[in-house]
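Below: one structure, written as structure tokens.
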Amino acid sequence: MVKISCKNYGFDCEFEVNESEPDAINKFQKHSMVEHGIEYSSGTLNQIIMRMKNQA
Ligand SMILES: [Zn+2]
């Protein structure tokens, strides 16, 4: 199971989304924008998910 979590990016934050959730990428984008002021592109997040899946 692949999760995108703020902790992976060095934030002291418990937020995470499961990649299998609908709109997982949108949720993470919205969260990081609102809470951390960082905008991740969908392309970047897709790459991150792909990389994590390959490692699993
Ligand atoms: Zn966060």
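The values are calculated or read from the model by the stated rules, or taken from the named source; none is laboratory data. Since the model is a prediction, treat every value here as computed from it, not as a measurement. As a convention, Cβ positions derive from the backbone with ideal geometry for all residues, glycine included, and neighbour counts pool all protein chains shown.
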_Here is a check on your reading of the model: is MET1 more than 9 Å from the ligand (Cβ to nearest atom), surrounded by fewer than 12 Cβ atoms within 10 Å (Cβ to Cβ) and among the hydrophobic types (A, V, I, L, M, F, W, C)?_
yes
*asked:* I'm trying to understand the selection: among the residues of region 12-32, which are surrounded by 15 or more Cβ atoms within 10 Å (Cβ to Cβ) and assigned to a loop (DSSP other than H, G, I, E, B)?
replied: PHE15, GLU19
*asked:* Restricting to region 10-32, count the residues that are free of Cβ contacts under 8 Å to residues at least 12 places away in the same chain and within 10 Å of the ligand (Cβ to nearest atom).
replied: 2
*So GLY37 fits all but one of (1) away from the ligand (no atom under 16 Å from the Cβ); (2) modelled with pLDDT of 95 or more; what number is the exception?*
(1)
*Mind listing whichever residues of region 33-50 are assigned to a helix (DSSP H, G or I) and either surrounded by fewer than 11 Cβ atoms within 10 Å (Cβ to Cβ) or in contact (Cβ under 8 Å) with a residue 40 or more places away in the chain (or both)?*
VAL34, GLY43, LEU45, ILE48, ILE49
